[in-house]
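The values are calculated or read from the model by the stated rules, or taken from the named source; none is laboratory data. Quick caveat, the model's predicted, so the values are computed rather than measured. Cβ placement follows ideal geometry from the backbone for every residue including glycine, while neighbour counts extend to all protein chains displayed. With ligands, DNA and RNA removed, areas are computed over all heavy atoms of the protein, side chains included. Shrake-Rupley method; radii C 1.70, N 1.55, O 1.52, S 1.80 Å.
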Amino acid sequence: MDCIISIELGTNAVRVYAFDLQGGTIGFAKGSYPTFHPSPDYSEQDPEQIFITMLYVLKNLLNEKVHSKNYKVLYICFSASMHSLLAVDKSGAPLTNLITWADNRGKKEAGTLQTSPESDEIYKATGTPIHPMSPLVKIVWLKNQRPDLFQKTDKFMSLKSYIIQQLTGRVILDHSLASATGLLNIYKKQWEPAALQYAGISASQLPEAVPINHCPGKLLNQYRVSLGVSASTKILAGSSDGCFATLGAGVWDRHKATITIEDSAAVRVIGNSVLCDKKRRLFNYVLDDTHYVSGGPSNSGGIVFEWFAKQFGDFRNAYDLETCMDDLIREASGAQPGAEKLLFLPYLLGERAPIWDAQARGVFFGVNINHERKHFARAVIEGILYEMYSIGKMLQEHRDIKELSINGSFASLPFCTQLIADIFHLPVSVGTNASSVSMGAYLLTATEIGMYKNIEEASRSVTLTETCKPNTHNNNIYTRYYSVFENLTGKLASDFEALANL
Amino acid sequence: MNLFELQQGSSRELQMFPHIVSTGCKKNQAIQLESFRESMSEFIRIYYIIDGKHEWRIDDENFHLYPGDTVLILPGRKLSSEKGFLEIGTLAWIHFKIEVLEHNKFIPGKWSSLSESECGTIGNILLLNRPLVPSKTCDAGRVLASLQNELLNQEIAFYTRVNQLLDEFLATLSRQLAKEGNPGRDFSKIFLQLEQKLRDNLARQWSVEEMAATVGMGTTLFNVRVKSYTGFSPINYLINLRIAESIKLLRKPDLNLTDIALDTGFCSSQHFSTTFKKLTGHTPREFRKKNTGDS
């Protein structure tokens, strides 16, 4: 029997899924790796540690669930988190740690680019909002702050390029991840000259940009031996985690959007055309030759609720965060919608869409002597979801969204799913797959094998659970609270800046 | 507590305990200027604050000490007072000999019944934790008081009791140090601290007990948490860390393979080679050849 392997190189962990050809899960394994913060604005990871972790997890999964059951690996398909940067020298050795999407060291460089005459052309051509997350900005930071490393850099890679190079020897980057670097022309699918010039690099210093269904060749012999896979196993470049999550969520129609909330979060739509936002708040990333995934990312996902639980929850068992969060959610559900006039702005890590303000901070507003922990817990959850709604509203300027599909560990908590339906006043369906990212990888691979005509047909095959219907009464409450939330966010911008400058 | 002072060499009570350099309890009722000069010693010095507020300096770090706090000063570290004198108050102390070896190992001596691996764990905590000032260590204060009573009263089997209490003193302080700042909430933070310690001391032969103790957890809970948090057993996590580090070192052509093996914590180049090959499919030598064009 044949099987398909999906490797997700996520922000905190690598997740490996084995699927049979019908999309059923044969096995799953994960291994996590840490993020280091040598300075407050820095977020780095160790590329070798990620590579070794991935090899170990993959090898164990193959031994335990694939080889032992006589499955033959037909394809290995990759996905990775966006915006990572790794400078590599001529001999292929990394000159830096991996700089992740959450890294804010390029604040100043982002500010300079934002106000430069080239910025409009670069944003429109590349689809990537101008922000420290963008590899373009990170390269400019290296050029300005670490000219020694910048000079020595032979290739500016992303995590996926590095991993695939280790395994196959080829240096490639799929269009989907490449379009999140701020350096790819999303119309021509080639490296954008204006962005290259601004970064001060040449196209030869970047990986070869390839379609998501590109095969970068076979596994090097030594890995074939150590992993026990045959010479016929093919590698697929795959896409970014965000694009696969959208594909795997089955939201192909124009009136659908998908909300993903893990640690961070995003609201996304798929379409044939690029969404032009005059305020440059939206991203447009390439899915395949004719489709784009557009939307807005947020820093304020499940990680914000986790913070709340760690600080204020009860730990019945040492380090048992899951039970602690379950308890708090039960507690929160005991408070009224609106948490009796307690509001929370969830910007603990600054915010990306829609305000794109790295200096924004978290705020509890409206605290009263009668408020208890359950109100605070509820306010935190509502705050995270109002923020999702603010991104959704921005997308609704371009699309008439009538249905939502949600995925990710935080969004799929039943309490949150109902709240999303109520706040958006839209029906919400939940993906039945453990990981919509890996489901996306499966769908792409299955299309390659010829099981689907194209990825559109593949995406439409995704089955969604029964929808969660909005409660109109609650929606009326949330709508009024949201307008205060939106006002507050706008009004506090100057104070966030003042606080940052203290 | 009784006020007293015992010194090795002059106090008969310490004759049977050559490892104890001095111990006592002192009440300082008046400030004497210049009475607290900077000092350094070859033995471990432990002070327990009973009364008063004290401002001390260990190496280059200042500490404000309150009743119930303990101060551990390792061999070779400097102790002084910010103001140059001993403040008004009461404190108990004990100075005793231990031998510090490479890789944070220490040997207390024949008197101790701590096992080799327990010494490894305690040594690790004492030598890796900064600062060594566990606060509110009333348990440690009680153990020290019992130890001193045994020394002064010399009742039946006091030789065994003194040494047992000294072991208990070390164990109590190590537990307290490891648990400090670790209220059992944020495992991700604790794990990151451990990760940093492992990376900084990769050559050390870590056992799971030592890793667990370093973050103030029991081994059973530690195993469960690490597995659910990382997907790996603690030892496998460590092995992956070792291989990842060795890859970086293998890219530097001037390091020899045996040194790389030992620096990354493999007990031999043979062991390194087998473990490396199992995961990556090639031996360290082959990896280096492919990645540096060097043989």
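Observations
- Residue match in the range A:77-91 (condition: open to solvent by 10 Å² or more (accessible area, probe 1.4 Å), within 14 Å of another protein chain (Cβ to nearest Cβ), in a loop (DSSP other than H, G, I, E, B) and touching a residue at least 60 places away in the same chain (Cβ under 8 Å)): yes
- Within the range A:66-75, the presence of a residue that is crowded, with 19+ Cβ neighbours inside 10 Å and within 14 Å of chain B (Cβ to nearest Cβ) is excluded.
- When restricted to residues that are within 13 Å of chain A (Cβ to nearest Cβ) and surrounded by fewer than 22 Cβ atoms within 10 Å (Cβ to Cβ), the range B:203-215 contains 1.
- Only listed residue being in contact with a Lys or Arg (Cβ under 9 Å, 6 or more places away or on another chain) and part of a loop (DSSP other than H, G, I, E, B), chosen from B:GLY120, B:GLY109: B:GLY109
- Yes/no for A:GLY106 being within 25 Å of A:LEU177 (Cα to Cα) and surrounded by 21 or more Cβ atoms within 10 Å (Cβ to Cβ): yes
- Number of residues in the range A:228-261 that are part of a loop (DSSP other than H, G, I, E, B), surrounded by 19 or more Cβ atoms within 10 Å (Cβ to Cβ) and at positive phi equals 1.
- Of the residues making up the range B:88-101, at least one is open to solvent by 40 Å² or more (accessible area, probe 1.4 Å), within 30 Å of B:ASN28 (Cα to Cα) and touching a residue at least 12 places away in the same chain (Cβ under 8 Å).
- Scan the range A:34-64 for residues that are surrounded by fewer than 18 Cβ atoms within 10 Å (Cβ to Cβ), assigned to a helix (DSSP H, G or I) and within 11 Å of chain B (Cβ to nearest Cβ) and the total you get is 1.
- Filter result for B:ILE239 (hydrophobic (A, V, I, L, M, F, W, C) and touching an Asp or Glu at 6+ places or on another chain (Cβ under 9 Å)): no
- Test set (1) open to solvent by less than 30 Å² (accessible area, probe 1.4 Å); (2) farther than 30 Å from A:PHE312 by Cα; (3) within 14 Å of chain A (Cβ to nearest Cβ) - B:LEU170 fails condition number: (3)
- When the criteria are applied in full, A:GLN22 meets the requirement of being closer than 16 Å to A:ALA441 by Cα, of a type outside the set (Ser, Thr, Tyr) and not in a strand (DSSP E or B).
- Selection status of B:LEU221, among the aliphatic types (A, V, I, L, M), open to solvent by 10 Å² or more (accessible area, probe 1.4 Å) and more than 10 Å from chain A (Cβ to nearest Cβ): no
- Residue satisfying all of: in the range A:189-227; open to solvent by less than 50 Å² (accessible area, probe 1.4 Å) and either in a strand (DSSP E or B) or acidic (Asp, Glu) (or both); farthest from A:GLN151 (Cα to Cα) among these: A:VAL210
- Answer residue from the range B:173-202, given it is among the polar types (S, T, N, Q) and out of contact with any Ser or Thr (no Cβ under 8 Å at 6 or more places or on another chain) and is most open to solvent (accessible area, probe 1.4 Å) among those: B:GLN193
- Selected residue (criterion: nearest to the other protein chains (Cβ to nearest Cβ)) from residues of the range B:246-295 that are of a type in the set (Gly, Ala, Ser) and part of a helix (DSSP H, G or I): B:SER246
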